[in-house]
Amino acid sequence: ELDPKNAQMAANDNGEFFDIYNGFFDLGSNSFNTKNFDSAVIYFKQAQQIQEYIVTKGFVINNFKMSALDTSLVLNTGLAAYNAKNYDEATIQFKKLADNNVSGPNYENTYELLAEYYSGKKDTKTLAEIAEKAHRFYPASDYWAQAEMDVVDKSDKTALLARYEEVTVKY
């Protein structure tokens with residue numbers, strides 16, 4: 001806002017923006033490592049704001065361009081929020097990963113935590129979507145068979161048995 005033409009930062013190839021990002025990321029990591037999870041969330045979210053600004057402006061330094069989704073930053077923010085018992089924020093972060101079809105060994109727990117969150121909220125539609133997606137990414141996990149059963153009202157025995165048949169065939 002103080003430098004709308006970006007004269008100060010442009011003189012150094014906008015490197016200061018990357019320094020600011022790295023500073024917030026490091027503060028978040030240090031807070032996380034010392035189990036100060038509330039602070040870690042704040043710092044990681046500030047790093048996200050800077051990262052989004054860098055991406056929006058298309059800044060590049062030393063041929064390095066940030067990706068639109070910094071998966072490690074989002075994962076760390078979500079884990080910090082989860083450890084701080086800020087489950088709504090953790091869900092926002094983990095959902096970013098799921099919505100972008102991020103998968104791999106480091107991300108399986110994020111889908112499980114999303115499933116637990118939506119199960120607890122009785123949001124069967126979103127739970128089913130997460131379970132379906134996670135099953136595609138992690139077909140060997142038995143967790144998803146149970147998660148898909150959890151979307152059915154346990155008092156509706158007909159629906160429960162029908163879902164059991166579907167899940168049995170699928171898994």
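Brief remarks on what is shown
- Range of Cα positions in the stretch 79-165 per principal axis (Å), largest first: 41, 25, 18
- The stretch 51-71 versus the stretch 105-140: alpha-carbon centroid distance in Å: 29 Å
- Answer label, with mean projected area of the Cα convex hull in nm² calculated from the coordinates and candidates (1) 9.0; (2) 12.1; (3) 13.4: (2)
- Expressed as a whole percent, the accessible surface of the chain that belongs to carbon and sulfur atoms is 51, based on a 1.4 Å probe.
- FRET efficiency, 1/(1 + (r/R0)^6) with R0 41 Å, evaluated for Lys65 and Asp153 via beta carbons: 0.25
- Candidates Gln46, Gln93, Gln146, ranked by Gaussian network fluctuation over the chain, Cα under 10 Å, top entry: Gln146
- With a Cα cut-off of under 23 Å and a minimum spacing of 8 residues unless on different chains, the lysine pairs in the stretch 28-99 number 12.
- Trypsin sites (Lys or Arg not before Pro) lying in DSSP loop within the stretch 81-171, provided at most 15 other Cβ fall within 10 Å: Lys85, Lys121, Lys122, Lys154
- Computed label-point distance, nm, for sites Asn100 and Glu166 using a 7 Å Cα→Cβ extension: 3.0 nm
- With respect to the chain, whose longest principal axis is taken over its alpha-carbon atoms, helix 15-33 is tilted by about 50°.
- Net charge dipole size for the chain [Lys, Arg +1 and Asp, Glu -1 on Cβ; Debye, nearest 20]: 160 debye
- Backbone phi angles across the stretch 129-139, fed through the Karplus curve with coefficients 6.51, -1.76 and 1.60 (θ = phi - 60°), yield HN-Hα couplings of 5, 5, 4, 4, 5, 5, 4, 5, 7, 10, x Hz in residue order; Gly and Pro are listed as x.
- For the chain, the per residue solvent-accessible surface stands at 60 Å², with DNA, RNA and ligands left out and a 1.4 Å probe.
- Here's the list of lysines a cross-link from Lys170 could span, going by alpha-carbon distance under 22 Å and ignoring same-chain residues fewer than 8 apart: Lys125, Lys133, Lys154, Lys157.
- Model label sites at Glu108 and Glu52, defined 7 Å from Cα along the beta-carbon direction, differ in position by 3.2 nm.
- Projected label distance in nm at Asp88 and Ala145, using a 7 Å step from Cα toward the beta-carbon: 3.7 nm
The values are calculated or read from the model by the stated rules, or taken from the named source; none is laboratory data. Small disclaimer: the values here were computed from a predicted structure and weren't measured. Methodologically, a virtual Cβ is constructed for each residue, glycine included, from the backbone with ideal geometry; neighbour enumeration extends over all protein chains shown. For the accessible areas, the whole protein counts, side chains as well, though only heavy atoms, and no ligand, DNA or RNA atoms are used. Shrake-Rupley method; radii C 1.70, N 1.55, O 1.52, S 1.80 Å.
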